[in-house]
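Working notes, beginning with the structure itself.
What follows is calculated from the coordinates using simple rules that are stated; it is not laboratory data. What you are looking at is a predicted structure, and each value in this text was computed from that prediction instead of being measured. Quick reminder, even Gly has a Cβ in these numbers, built from the backbone with ideal geometry, and neighbours come from all protein chains shown.
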Amino acid sequence: MEQLSIQVLASYPHDPTAFTQGLMWHEGELYESTGLYGRSSLRRTVPENGEILVRHNLERNLFAEGLTLVDDKLVLLTWKAGLALVFDPETLEPIDQWGYNGEGWGLTFDGRHLIMSDGSPRITFRDRNDFRWLRTVEVTLNGRPLAQINELEFVDGQLYANVWGEDRIVRLDPETGVVNGVIHATGLLSPAESRLVDVLNGIAYDAGSATFWLTGKFWPRMFQVRFVPAGESS
């Protein structure tokens, strides 16, 4: 099991009122979904200063969750409504919606299929065109099921996942569900900042710079980082 730590390259402002659920990098901009009933939104932002370029507020009865880009459309999960909402990535205008059973947590795209989490130890592969179920894989750490899998990001054949309520990110093989790396993400915020925020959540990857972007729910900062062997974070 590879143990990794975080090398912080830069930190930038992040909206401290954003209950971050999904985070995604695309063409130099960050797309972010934020949760809570009556406050859920989809945003397109400037990474370096947090400026919101376009914002779409969801209906008050919807709780936004994971977010990803598939071809020319954004797909956004909802927590308990059983709806995957489809948006135009430029205008953030809604263009379609798909149904599913159970809860929606994290969402990513591996180039062929959508992959979603639901807070259990399972990840589910779904069709990119209509969101129908294809197969389910159990996530295991040291041979035991790992629950609370949340926000997802697919990078170079591996799946990175927040574990809800924990300051760690796991890296796993999406075909087998076996965790092969643990990224320790403690200490990103100062003790004073940490008292005012919720959990670490939100992973985006910029292939151009080979860096990850991380934040959390109500966090005042966004971090551009690399994952490095434990002990090499400086």
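Electrostatic tally near PHE154: other residues with Cβ closer than 14 Å to its Cβ, Lys and Arg +1, Asp and Glu -1, net -3.
The order of the peptides 52-60, 83-91, 212-220 by mean Cβ neighbours within 10 Å, most packed first, is 212-220, 83-91, 52-60.
So which residue, out of SER33, SER190, SER120, gets the largest mean-square fluctuation from a GNM of the chain using Cα contacts under 10 Å as springs? Between SER33, SER190, SER120, it is SER190 that shows the largest mean-square fluctuation. The share of Cα pairs per 5 Å bin across segment 139-234, counted from zero up to the longest distance, runs 2, 12, 24, 24, 20, 11, 5, 1, 0 percent.
Were the residues from GLN158 through ASP96 laid out at 0.36 nm apart, the gain over their Cα-Cα distance would be 19.4 nm.
Distant-in-sequence amide contacts of MET222, defined by a placed amide H-H separation under 5 Å and a gap of 5 or more residues or a different chain, comprise TYR12, HIS14. Taking 0.36 nm per residue of sequence separation and removing the Cα-Cα distance, the ALA10/ALA230 pair yields an extension gain of 77.3 nm. Taking a point 7 Å from the Cα of THR17 along the Cα-to-Cβ direction, the residues of segment 199-234 with backbone N closer than 17 Å to it are 217-221.
With both labels modelled 7 Å from their Cα along Cα-to-Cβ, the ASP72 to VAL197 distance reads 3.7 nm. Rounded to whole Å, the principal axis extents of the Cα atoms in the chain read 46, 40, 33, largest first.
Under 20 Å from a label point set 7 Å out along the Cα-to-Cβ vector of ARG112, the amide N atoms of segment 118-137 belong to 123-137.
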